[in-house]
1. I'd like the orientation of helix 352-368 relative to the chain: the angle between its Cα long axis and the longest Cα principal axis, in ° from 0 to 90, rounded to 10.
2. Going by alpha carbons, how many degrees (0 to 90, nearest 10) lie between the helix axis of 42-54 and the longest principal axis of the chain?
3. Tell me, what is the per residue accessible area of region 595-677 in Å², probe radius 1.4 Å?
4. Nearest-5 percent of antiparallel DSSP beta bridges in the chain?
5. Between helix 211-226 and the chain, what is the angle of the helix's C-alpha long axis to the longest principal axis, kept within 0 to 90° and rounded to the nearest 10?
6. Which three numbers, in whole Å and largest first, are the semi-axes of the equivalent ellipsoid of region 750-859 derived from its Cα gyration tensor as √(5λ)?
7. Name the long-range amide H neighbours of His748: under 5 Å, sequence gap of 5 or more, or other chain; modelled H, no Pro or chain starts.
8. For region 542-620, run through the trypsin sites (Lys or Arg not before Pro) and keep only the ones in DSSP coil with at most 14 other Cβ atoms within 10 Å of their Cβ.
Amino acid sequence: MHAYAANVYTSVTEELSKAGGRRFIAVEQEFFRLWWDTVATDSHKKQVRHLVKEGRLEFIIGGQVMHDEAVTDLDDEILQMTEGHGFLYETFGVRPQFSWHVDPFGASATTPVLFALAGFNAHLISRIDYDLKDSMQKNKKLQFVWRGSPSLKEKQQIFTHTMDQFSYCTPSHLPFSNSSGFYWNGVALFPDPPKDGVYPNMSLPVTKETVHAYAKTMVENIKQRAAWFRTKHVLWPWGCDKQFYNSSVQFNNMDPLMTYINQNSKEFGVTVQYATLSEYFKAIYQSGLAWELRGSEDFLPYSTESHQAWTGFYASRNVLKGVARQASSQLHAAETLFTRHRISFPDGPVAKDWALDKLRALRWAVSEVQHHDGITGTESPKVADMYLQHLMQAMMGVEELLAALFLLPHSLPSILGSHYHRQAVHEALEQHVIVYNPLAWNITTIVNVTVTFPSAAVFDDDGQPVPAQIQRSAQSNVTYDLFIVVELGGLQHRKYLIKFSDRKCSHRSKCGSTYEAKGVLFERRNIRDSATAGRRLLPVLSDCYKLMFDQDTNLLHSITYLQEKRRVRMTQDFWEYHANGDVKTGPISDNYIFSANSSAVRAYKAVEMEIIPGKIVTEIRQRFYREESDKDYTYSITTRVPACFGSRPRCRRLDQMYSLGPLHLNTEVVLRTSSSLKNNRTLFTDDNGYQMLKRTYRKFTNNTLARNYFPMVRAAYIEDELSRLVLVSDRAHGVSSQANGQLEVMLHRRLWNNLPWNLGYNLTLNDSTVIRPTLWMMLGSISDTSKLYQREAIELQHRPVVMPIDQPQRPWQKKEPRGSSPLCPVVLPPNLHLLSLSIPGWNYSSDHDVHLRHINSGKDLHSEPDYDRVLLRIMHLFEDGEDPELSKPVTINLKEVLQGLGEVKVLEERSLTGTWDVARLQRWKWRTADDFETSNERCCGIRDEPFTVTISPKEIRTFFVHFSSRNF
């Protein structure tokens with residue numbers, strides 16, 4: 001920021017103001033906003049407003065960052081774009097309409113769909129497989145119309161431009177100079193600029209003597225590129241990473257060079273002009289050509305050459321990936337809760353400006369980590385630590401906000417009233433816990449509270465006993481896991497009272513409905529013993545499954561799903577790939593690249609098992625030891641098999657938590673689930689949690705193993721004609737099917753190599769942390785699992801928020817009055833998901849003309865945030881045709897659905913990031929080979945009947961909602 005980004009914006013603003021022909025495109029709002037808020041002078045701001053109005057400074061993408069496309073989740077991509085777009089629209093009244101996704105490592109099919117929903121007219125990508133780019137280039141197929149979603153098809157198609165082999169930088173090798181090509185200010189020295197201002201590798205300036213040589217080189221390159229595209233316009237990007245930090249040097253060399261080419265255009269056969277991206281795309285659009293179509297396939301994984309598959313970053317820095325997702329789900333919970341509080345208590349008792357500050361800090365932290373060198377794990381340790389610090393600080397702030405929202409609107413004398421007397425000392429200790437369901441569905445589930453007492457009884461806010469189970473914790477010898485069955489309506493929270501006892505229960509009444517579970521330990525088994533495997537099987541039963549464990553190996557042996565009485569042979573264990581760390585001896589693995597020396601080897605020599613049978617949950621703990629005699633285990637799997645409880649069986653999912661590490665250096669560890677399914681190494685993985693893509697195993701001359709790895713953001717599955725095995729995850733991983741019936745998830749990597757580039761930027765991944773990811777597993781028929789896995793993935797992402805609101809203490813003498821009756825639930829149909837419910841706080845007018853008049857009036861724009869406008873997004877979870885019932889379009893009346901929050905007064909439909917009124921959003925209609933033009937007509941806008949909306953498969957609909965104010 002201080003060495004480069006601030007100088008880019010300061011010097012570019014000054015240089016553009018000197019000459020009317022100059023142009024510049026700005027991409028990531030995080031840097032621009034930091035500059036605008038902390039560096040820019042009033043005179044700079046005035047210049048920027050003028051340049052933006054003239055279209056000479058253009059904001060493209062407009063999100064906080066250029067997000068990664070492989071390991072980011074849909075929620076977070078939308079959030080970071082909304083953050084950037086809201087700022088740009090509020091400040092300048094502009095709305096980005098083009099993307100510049102030049103640097104993410106591969107391109108997802110979800111990104112173009114989201115950009116179309118945000119109102120973009122064209123999309124630009126760069127990093128796709130080297131061999132694919134080569135053939136597309138030769139056949140002039142680098143430009144196409146992309147239908148990223150098989151359900152939304154032409155409704156959200158978008159024109160896409162792929163950068164050619166020179167990527168997004170100006171050529172740096174010149175035949176007449178050994179310096180850095182067309183960068184006259186030299187190579188940026190990051191992070192410390194040289195004191196004398198002389199940067200290394202500065203190119204020869206453009207003078208009378210050199211101008212012809214520069215022009216000739218530039219024109220040759222332009223003509224070479226022109227041969228790869230169908231129109232007479234060539235996009236020639238000028239600049240590169242951290243360039244333009246001293247833009248006067250750049251422009252003072254670019255200007256005369258361009259003038260020279262244009263003065264000699266007859267001789268050269270080309271003319272050149274500065275252009276923004278919209279000017280380029282406008283020229284392409286006006287050519288009127290019909291473009292080839294691309295369906296919903298993506299460009300993942302990405303390889304830069306035969307031994308360089310960029311599939312390692314799917315699993316790099318697992319902790320950062322986990323914390324980023326945790327922060328995102330905490331943000332979602334806090335946004336929904338604050339919105340609910342704000343509608344019910346417009347004037348109190350949680351200060352709205354304080355609350356919005358806390359939410360904005362976490363929005364910023366979650367947005368910035370979506371960068372393609374953030375959540376990917378491809379940054380240096382110092383930068384990774386910064387991301388983590390920002391996330392943790394903002395999460396602590398939001399934790400305070402959640403506590404305030406839970407406690408302040410209700411009277412809780414047991415916590416807040418100090419005038420009650422304590423009772424006699426022998427009374428049991430009591431603790432209160434609030435559990436909040438951040439989903440707009442009714443749920444019955446199990447929450448786990450870590451406690452330090454061996455016995456506990458749990459009661460709900462009516463004083464009724466609640467089914468629970470307590471047992472010694474898997475993670476530590478001094479704590480206990482207390483499992484509580486909770487039933488909660490959509491967006492509802494309840495308070496639970498836990499009464500503790502130091503002693504085990506002597507008689508039932510003391511424990512209420514709590515079951516005290518005890519473990520059975522099985523002796524450690526060496527893998528040598530597997531010769532006798534399969535003879536002594538031990539069943540673990542639930543209403544949905546029969547799991548068989550093998551006492552000769554202590555591994556899973558098979559799972560039967562009882563509904564269809566179908567048994568699938570299955571084992572789960574850990575394997576490791578050994579990576580090469582010496583560039584002289586062959587391909588290496590690093591933060592980005594996975595390049596295995598050979599196939600994986602078993603990562604353990606012995607396994608120990610403990611089974612804790614329970615009435616709520618039966619837990620199987622498997623500990624894997626690197627060497628037979630090791631005292632401590634290196635890996636573990638804790639599988640929780642839930643029983644049937646409440647009115648709905650929740651036993652379809654098997655919760656699995658893993659522990660891995662510390663790893664040996666240059667190892668990459670996978671969880672391998674091997675089954676009897678005949679999937680022919682075909683795999684299905686999700687694109688950003690939005691849609692599932694089929695991944696067929698492909699053979700390559702080199703590096704087949706690494707090139708068959710794919711990102712898994714929320715879900716992956718394998719299937720045959722009879723059964724499907726699904727895993728859903730709480731963070732991103734790499735996933736592959738390397739053998740028939742196999743589903744292999746890369747969970748953790750620890751690497752070091754001597755590649756000078758990696759050493760120079762400290763990009764080694766010497767990650768010695770112990771990681772604890774979670775996967776939920778489901779097994780069943782295809783039709784059965786289709787109904788389930790999207791919802792399960794979302795339930796894993798947005799698990800109930802469990803907040804202890806006091807420490808275990810002696811009870812107060814006077815029983816507290818019951819809190820106010822629980823808030824009305826907000827419940828959507830099972831195929832719809834409440835993607836967002838928040839108060840963004842932007843103060844722009846929803847009417848574009850009014851907003852522009854406000855901006856152009858020059859009045860102070862820093863007015864009070866708008867606390868009354870609610871941003872609502874609803875998404876249809878199913879693909880067209882995926883399920884006979886759940887894939888149908890759903891019609892709902894939002895006034896009825898939201899009545900649990902308050903009375904809906906005004907409903908306006910908006911673009912995905914909120915800045916366009918959809919009625920006025922006219923995207924460009926590109927001609928395509930099948931002669932469909934991009935259709936903007938929505939099949940189902942808000943109809944005559946006010947507040948009634950129909951949501952079609954895979955649609956995301958965005959609204960601004962205003963509620964009637966309540967006066968208390």
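The values are calculated or read from the model by the stated rules, or taken from the named source; none is laboratory data. These numbers come from a predicted model, not from an experiment. Reconstructed Cβ throughout: ideal geometry from the backbone, glycine too, with neighbour counts over all protein chains shown. Accessible surface areas use protein heavy atoms only, side chains included; no ligands, DNA or RNA. Shrake-Rupley method; radii C 1.70, N 1.55, O 1.52, S 1.80 Å.
1. Orientation of helix 352-368: about 70 degrees from the principal axis.
2. On a 0 to 90 degree scale, this one is about 80.
3. With the other protein chains kept in place, region 595-677 gives 34 Å² per residue.
4. Just about 90 percent of them are antiparallel.
5. Result, in degrees: 50.
6. Here the semi-axes work out to 38, 36, 26 Å.
7. HN-HN under 5 Å from His748: Val669.
8. Lys565
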